[in-house]
1. Can you give the accessible area per residue of the stretch 71-174, in Å², using a 1.4 Å probe?
2. When a/c reaches 1.5 or more, the comparison of a/b and b/c decides; with that in mind, is the stretch 109-170 rounded, prolate or oblate per its Cα gyration tensor?
3. What does the charge add up to near LEU140, with Lys and Arg as +1, Asp and Glu as -1, over the other residues with Cβ less than 11 Å from its Cβ?
4. Please give the FRET efficiency for VAL161 paired with ASN91, using the beta carbon to beta carbon distance and R0 = 22 Å, rounded to the nearest 0.05.
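The values are calculated or read from the model by the stated rules, or taken from the named source; none is laboratory data. For clarity, every value in this text was computed on a predicted model and none was experimentally measured. When we count neighbours, we look across all protein chains shown, and the Cβ atoms used for this are built from the backbone with ideal geometry, even at glycine. The accessibility values were calculated without ligands, DNA or RNA, using every heavy atom of the protein model including side chains. Shrake-Rupley method; radii C 1.70, N 1.55, O 1.52, S 1.80 Å.
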Amino acid sequence: MLDPRISLLVHGPTILVEVGFNEALFQPGSVPPVPQTEPSFSQNRSLQPDGGQGTPSVESNPTMRTSSQTVIQATLALVDTGAGTSCIDDNLAISLNLPLVDVVRVGGAGGAHNLNLYLAKLSIPQLNYSKAGKFIGAKLSQGGQIHGALIGRDFLSDMLVVYDGTAGRIKLSV
């Protein structure tokens, strides 16, 4: 097993999330603003994703739960305080058949690019915390990333984030 401090350096602060789409979250003909917070029931929840044991893992083909309205897939997400908005890997969005609603121009370290914009729900199950709305389809897997999503400041603005490099952990609290 990889030392938690090395894992934090190599992979960055990584947590397990669920990405999906539920038609009931979105009214026909309307698109919610980017993104909206679901009601929360407790304001004292916290998550230490790796429990001090290194990066969480997801099996190579995580289980997908489906119903007539919902498709959900577990994936790893990078907690990215440098990202203003949360993103979903474009290939993951396509595989989940997330509704494509627009193409937007975004800029980053690699320059400006046109990227797809999808309707989705992004959840951190351990915190019982989700946001539904528009998410940019980032080219994470195409860039060799292990992450299927980025958790940006739009998500983190409702949380306390503690980055403990000496212990190789990150802690999120809602």
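1. Details: 4430 Å² over 104 residues.
Heavy-atom accessible area per residue stands at 43 Å².
2. Details: a/c = 2.02, a/b = 1.28, b/c = 1.58.
Note, shape of the stretch 109-170 comes out oblate.
3. Net of charged neighbours comes to -2.
4. Values: r = 27 Å, r/R0 = 1.23.
The calculated FRET efficiency here is 0.20.
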